[in-house]
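Written out below as structure tokens is the structure these notes cover.
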Amino acid sequence: MINESFKAMLGAKSVIRELSEYATARGKEIGYENVFDFSLGNPSVAVPQEFTDEMVRLLKEEDTMTLHGYTPSLGNPLYKEKIAKSLNERFGMNYGPEHIFPTTGAAGAIAHAVRAVTKPGDKVITFAPFFPEYGPYITGAGLELSIVPADTESFQINFDKFQEMLDEKVMAVLVNTPNNPSGVAYSTATLTRLSEILKDKSKEFGHTIFLLSDEPYREIVFKGADAPYVSKFYDHTLSCYSFSKSLSLPGERIGYVAVNPACEGAEFIVPMCGQISRGTGHNCPPSIIQQAVAKVCGMTADLSVYETNMNIIYDTLVELGFTVVKPGGTFYIMPKALEESSIEFCKKAKNYDLIFVPTDGFGAPGFFRMAYCIDTEKVERAMRRLREFVKAEYNQMR
């Protein structure tokens, strides 16, 4: 008999993927340049030339068995060493290679990290708005996911609700900053208060509450934003990272878990991740990608276009009367819809070939997400179309 749990998931299609597929199909009808597709968070800038050069060099010069053979079960030593060195230099940490576990992107990192610090039946808390895939990541590990309602004024942490929901069954807290879908970065004040609560409650409950930091947008931070490194605030932090956004490598599925050296059980967690891999069939990212990224792990693609796009969109939204919190990073912005139902709002926008994502599934009903990882010229044309849409449908022009 087939697994009924996974069969049931077949009906829960991704709204984002459906909208992206619609935009692609619509583009075949009218030309994709005329479809203003803000659905999918797919990086739009080129990879650094240094990455391409290193891939070419490896393929031309490296021994094929070294290049394409199995890596050690805990990852390529050079990759681990370079990641640790880069984090230490940039964030004042003291990671060693033994604290780094290579993964297939941030999703793989979360899957390993959460299993390393919980057991089936435990609770994990996260904060709305949140990435919907947290659901299968957490429940697939036999855990219960609790969602703290959003503070829709700032999209920082709703601490009153968090403390109400924090009980002895909670073994881990999962944060995402800068945040998908809001674009907001958790501030120094927010992370300081979060760490104080976790320390107090860990002492009260008699067990450590681990902090899992999902941070694939860590390098996309805008001018003036307060977006500190999460692991600096709380010893028992596992950072879950992906190079998908910083190096524009989403299809290569390369990331890591970085275990704070001061974390409880720090000497065991990376070896434990190796054992977790045995049960999940993970078995490390591809060898060649680990070697290539080791060369460029301290670099980024040219990410400046995202801030340019954000400012154009934010200014237009404010001009049109939308309620919106200005992003501190990422390539997302999350305005409040101009009617109660964001789903209906986004349906109406589709009639103008504006493809927005309602954020009900992100735990933020009444809002919608725009992924602005597209060409600036197209953003500018989209804003003209947005003005037409708002004027026609809502008679709301300043």
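Before moving on, here are some points about what is shown:
- Under a model in which nothing but the beta-carbon of Lys, Arg (+1) and Asp, Glu (-1) is charged, the chain shows a dipole of about 300 debye around its Cα centre.
- Based on protein heavy atoms only, the chain ends up with 44 Å² per residue of surface accessible to a 1.4 Å probe.
- Residue-averaged [θ]222 nm for the chain, counting only DSSP H segments that reach four residues, each worth -39500 (n - 2.57): -13000 deg cm²/dmol
- Contact order relative to length of the stretch 26-145, as percent, for alpha carbon pairs under 8 angstrom and 6 or more apart: 14 percent
- For the stretch 24-123, the square roots a ≥ b ≥ c of the C-alpha gyration tensor eigenvalues yield an a/c of 1.5 or more together with a/b not exceeding b/c, which makes the shape oblate.
- Cross-link table Lys82/Lys161; Lys201/Lys326; Lys28/Lys347, entries beyond 29 Å C-alpha to C-alpha: Lys82/Lys161; Lys201/Lys326
- The chain, relative contact order [Cα under 8 Å, separation at least 6], %: 23 percent
- Stretching the chain fully between Arg57 and Asn34 yields a gain of 4.3 nm (0.36 nm per residue, less the alpha carbon separation).
- Under the shape rule built on the C-alpha gyration tensor, where the axes satisfy a ≥ b ≥ c, the stretch 203-326 is oblate, since a/c reaches at least 1.5 while a/b does not exceed b/c.
- The stretch 57-113: C-alpha gyration tensor shape, a/c 1.5 cut-off, then a/b vs b/c: oblate
- Span from the the stretch 225-298 Cα centroid across to the the stretch 140-217 one, whole angstrom: 20 Å
- Carbon/sulfur fraction of accessible area - the stretch 321-398, other protein chains in place, 1.4 Å, %: 44 percent
- Between Met65 and Gln49, the modelled label-to-label distance comes to 3.6 nm, taking each label 7 Å out from Cα in the direction of the beta carbon.
- Rule-of-thumb Rg ratio for the stretch 326-398 [Cα; 2.2 N^0.38 Å; N residues]: 1.08
The values are calculated or read from the model by the stated rules, or taken from the named source; none is laboratory data. Fair warning: this is a prediction, and the values are worked out from it, not measured in the lab. Reconstructed Cβ throughout: ideal geometry from the backbone, glycine too, with neighbour counts over all protein chains shown. What goes into the accessible areas is simple: the full protein's heavy atoms, side chains included, and nothing from ligands, DNA or RNA. Shrake-Rupley method; radii C 1.70, N 1.55, O 1.52, S 1.80 Å.
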